[in-house]
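> Take a look at the following structure, please.
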Amino acid sequence: MVDPLEQEQLGARLERLVRRARPAITVEQIAEACDVSVQGVYKWFNEGKVARKHVAKLTSLLGVSSDELLFGKTPARIDDAPPEAEEFTFVPRVYGPMLSAGPGRYVWKQEIIDNSHAFRRDWLKQKGLFKDQCRLITVKGDSMSPYLQDGDIVLVNMADRAIKSGEVYAIAVEDELRVKRLVKRTDGALEVKSDNPSPQYPTEVLEGRKIERLNVIGRVVWRGG
């Protein structure tokens, strides 16, 4: 029996999965994550030989199952779900980078999409949400406690970037990613607030050009543990 990690089809299949994942995932990012050279990744494509220790990392990066990577077995499609599941739809979840609710983390290098959460279609429609414009992101830190806890999942509507005072947003200040409550002040300044009253998380006030450096990723419209 041919070792599934040493077959021609594996190389071609891996290359196809990487192309499908672009631009979220690049060959350079795979090389860095697996601690191999870029030439080494291309060698995988050409020879179809991948060390077993890299399989878990590759499936995580590409958002596929090991069966799909090794044997080309694709998971059941949403369209194949039984009729009673048609009222639900899957919203993409972002893997890899963590949305920081504490000190910012400079890790927004990749998006790994995996259909892990289902929402009622009528609920999304009622909220004016489109699944392709939403992402589920994992929160890290306790600065937004008790509203958000470390490890919570938030649904971010990336189509809703206009700041509504008092709402919670996924934001980036330069390269620093956060989830914070934004409050507009009458003097034109913007407060970036944490719900946690601890002095460890003081309110940041942005004025003038500092506001221009604020990148609103989207508004948090749902949270879950």
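> Taking strands (runs of 3 or more DSSP E) that fall entirely within region 184-225, which contain at least 2 residues that are surrounded by fewer than 16 Cβ atoms within 10 Å (Cβ to Cβ)?
Details: elements: 190-193, 204-206, 214-224.
Fully inside region 184-225 and qualifying: 204-206, 214-224.
> Okay, next question. Modelled with pLDDT under 80, surrounded by 17 or more Cβ atoms within 10 Å (Cβ to Cβ), of a type in the set (A, V, I, L, M, F, W, C) and in a loop (DSSP other than H, G, I, E, B) - does that describe any residue in region 49-69?
yes
> Further question: Residues of region 28-39 being over 17 Å from Ala12 (Cβ atoms) and part of a helix (DSSP H, G or I), which ones?
Within region 28-39, the first condition is being over 17 Å from Ala12 (Cβ atoms), and the residues that meet it are 28-29, 31-39.
Correct list: Glu28, Gln29, Ala31, Glu32, Ala33, Cys34, Val38, Gln39.
> Follow-up. With respect to the numbered conditions (1) at negative phi; (2) out of contact with any Ser or Thr (no Cβ under 7 Å at 6 or more places or on another chain), which one is the sole condition not fulfilled by Gly208?
(1)
> Being in contact (Cβ under 8 Å) with a residue 40 or more places away in the chain and in the same structural domain as Val91 (by TED's automatic domain parsing), is that true of even one residue in region 201-208?
Scanning region 201-208 turns up at least one residue that is in contact (Cβ under 8 Å) with a residue 40 or more places away in the chain and in the same structural domain as Val91 (by TED's automatic domain parsing).
> Considering only residues that are among the polar types (S, T, N, Q) and surrounded by 17 or more Cβ atoms within 10 Å (Cβ to Cβ), which ones fall in region 154-183?
To start, the set of residues in region 154-183 that are among the polar types (S, T, N, Q) comprises 157, 165.
Matches in region 154-183: Asn157 only.
The values are calculated or read from the model by the stated rules, or taken from the named source; none is laboratory data. Remember, it's a predicted structure, so these values are computed and weren't measured experimentally. Positions of Cβ are generated from backbone atoms using ideal geometry, with glycine treated the same way; all protein chains shown enter the neighbour counts.
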